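The values are calculated or read from the model by the stated rules, or taken from the named source; none is laboratory data. Here the structure is a predicted model, which means the values were calculated and not measured. Methodologically, a virtual Cβ is constructed for each residue, glycine included, from the backbone with ideal geometry; neighbour enumeration extends over all protein chains shown. Side chains are part of the model used for accessible areas, which takes the heavy atoms of the whole protein and leaves out ligands, DNA and RNA. Shrake-Rupley method; radii C 1.70, N 1.55, O 1.52, S 1.80 Å.
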Number of protein chains: 2
Amino acid sequence: MESKCCVNQENVDIVREELYADNEIAEIADIFKSLGDPTRMRIVAALGIRELCVGDLSALMEISQSGVSHQLRLLKQKRIVKSRREGKLIMYSLDDQHVVDLIKITANHVRHEE
Amino acid sequence: MESKCCVNQENVDIVREELYADNEIAEIADIFKSLGDPTRMRIVAALGIRELCVGDLSALMEISQSGVSHQLRLLKQKRIVKSRREGKLIMYSLDDQHVVDLIKITANHVRHEE
DNA sequence: TGAACATATGAGCATGTATTCATATGAAAA
DNA sequence: TTTTCATATGAATACATGCTCATATGTTCA
């Protein structure tokens with residue numbers, strides 16, 4: 001943006017070529033964003049333990065049923081979570097084992113472990 | 001929040017007990033949030049390829065030097081990125097291999113692979 | 001020491017987003 | 001079919017956040 005500054009054009013070119021494409025970056029970042037909110041993180045972690053309905057999650061999170069529902073929709077769009085009907089209830093569970101790994105790795109990071 | 005709804009108290013109690021503590025959830029979510037922005041994701045991905053200075057990143061991202069610097073500070077606080085001085089330049093690189101794994105797993109997720 | 005340069009920081013703005021309230025939807029039970 | 005109940009959706013709001021501009025900091029080299 002400003003005057004040339006220090007740019008090492010060679011480095012920049014090399015990295016630019018090897019780097020993920022912009023749209024791929026955006027998609028990856030979007031997944032991280034989905035997990036980057038305490039409420040959604042708790043929802044995902046909870047569903048990693050046990051399949052739960054919206055009401056259960058609402059009680060667990062201490063957040064309104066509406067709020068939980070909104071977040072679940074978001075997580076479902078990202079294929080992090082899936083749902084199935086059981087009688088009157090809609091039961092939610094994880095749609096993807098990747099997520100479990102992601103959380104474990106990150107938990108290790110914050111604990112300065114391994 | 002509302003009337004009892006469907007709550008299965010047993011499920012809720014079990015999950016509540018096994019769930020990560022709130023502060024741990026917050027820390028984990030915070031790491032994901034750091035990676036959950038396209039600009040920061042690109043920075044981290046770029047540094048995964050090669051050590052770069054702020055000016056290089058600024059050129060690569062097409063964002064002001066100031067903007068890059070702000071994001072780098074955030075990533076440094078989270079121990080995702082580290083820096084060292086080399087003459088006039090400050091060279092940034094990844095501080096943690098965990099991050100590389102996180103990105104790979106998530107790239108697989110968005111590609112519906114493995 | 002002083003000038004030049006790379007980086008860091010603070011303020012401000014424009015945009016995004018998490019939550020709630022009120023209400024709609026739709027399956028199930030009566 | 002009608003009622004009931006769990007979930008979903010839309011609007012509104014309060015708050016967070018990414019970016020830029022202007023400027024401060026601090027290191028290097030003359």
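Out of (1) touching a residue at least 40 places away in the same chain (Cβ under 8 Å); (2) within 9 Å of chain B (Cβ to nearest Cβ); (3) open to solvent by 30 Å² or more (accessible area, probe 1.4 Å), what's the single condition that is false for residue A:31?
(3)
Any chance you could count how many residues in region B:46-61 are of a type in the set (Asp, Glu) and closer than 8 Å to residue A:7 by Cβ?
1
Residues of region A:1-12 being more than 7 Å from chain B (Cβ to nearest Cβ) and among the hydrophobic types (A, V, I, L, M, F, W, C), which ones?
The answer is none; no residue qualifies.
Quick check, is residue A:26 open to solvent by 30 Å² or more (accessible area, probe 1.4 Å) and touching a Pro at 6+ places or on another chain (Cβ under 9 Å)?
Taking the combined requirement at face value, the residue satisfies it.
Tally the residues that are touching a helix residue (DSSP H, G or I) at 6+ places or on another chain (Cβ under 9 Å) and either closer than 22 Å to residue A:110 by Cβ or assigned to a helix (DSSP H, G or I) (or both), restricting the search to region B:96-114.
Residues in region B:96-114 being touching a helix residue (DSSP H, G or I) at 6+ places or on another chain (Cβ under 9 Å) and either closer than 22 Å to residue A:110 by Cβ or assigned to a helix (DSSP H, G or I) (or both): 13 in total.
Taking region B:84-107 as the search range and keeping residues that are of a type in the set (S, T, N, Q) and modelled with pLDDT of 95 or more, which one is farthest from DNA strand C (Cβ to nearest atom)?
Taking region B:84-107 first, the residues of a type in the set (S, T, N, Q) are B:93, B:97, B:106.
When the remaining residues are screened for being modelled with pLDDT of 95 or more, the result is B:93, B:106.
Values: B:93: 12, B:106: 17 Å.
Checked region B:84-107; the qualifying residue farthest from DNA strand C (Cβ to nearest atom) is B:106.
Identify all residues within region B:34-75 that are more than 7 Å from every other protein chain (Cβ to nearest Cβ), near DNA strand C (Cβ under 8 Å from one of its atoms) and open to solvent by 40 Å² or more (accessible area, probe 1.4 Å); write none if there are none.
Hits for region B:34-75 are B:66, B:69, B:70, B:73.
Which numbered condition in (1) facing chain A (nearest Cβ under 8 Å); (2) within 11 Å of the chain's Cα centre (by Cα); (3) surrounded by fewer than 19 Cβ atoms within 10 Å (Cβ to Cβ) is the only one that residue B:88 fails?
That leaves (2) as the condition not met.
Every residue in region A:13-28 that is more than 13 Å from DNA strand D (Cβ to nearest atom), more than 15 Å from the chain's Cα centre (by Cα) and either more than 7 Å from every other protein chain (Cβ to nearest Cβ) or in a helix (DSSP H, G or I) (or both), please.
Residues satisfying the conditions are A:13, A:14, A:15, A:16, A:17, A:18, A:21, A:23, A:24.
Name the residue, out of B:90, B:63, that is touching a helix residue (DSSP H, G or I) at 6+ places or on another chain (Cβ under 9 Å), within 11 Å of DNA strand D (Cβ to nearest atom) and in a strand (DSSP E or B).
On inspection, the qualifying residue turns out to be B:90.
Would you check which residues across region B:74-95 are over 20 Å from residue A:109 (Cα atoms) and among the charged types (D, E, K, R) and list them?
First pass over region B:74-95, keeping only residues over 20 Å from residue A:109 (Cα atoms): B:84-91.
Result: B:84, B:85, B:86, B:88.
Going through B:81, B:68 one at a time, which residue ends up being near DNA strand D (Cβ under 10 Å from one of its atoms), under 17 Å from residue A:15 (Cβ atoms) and at pLDDT 95 or above?
Values: B:81 fails: near DNA strand D (Cβ under 10 Å from one of its atoms).
None of the other options fit; the residue is B:68.
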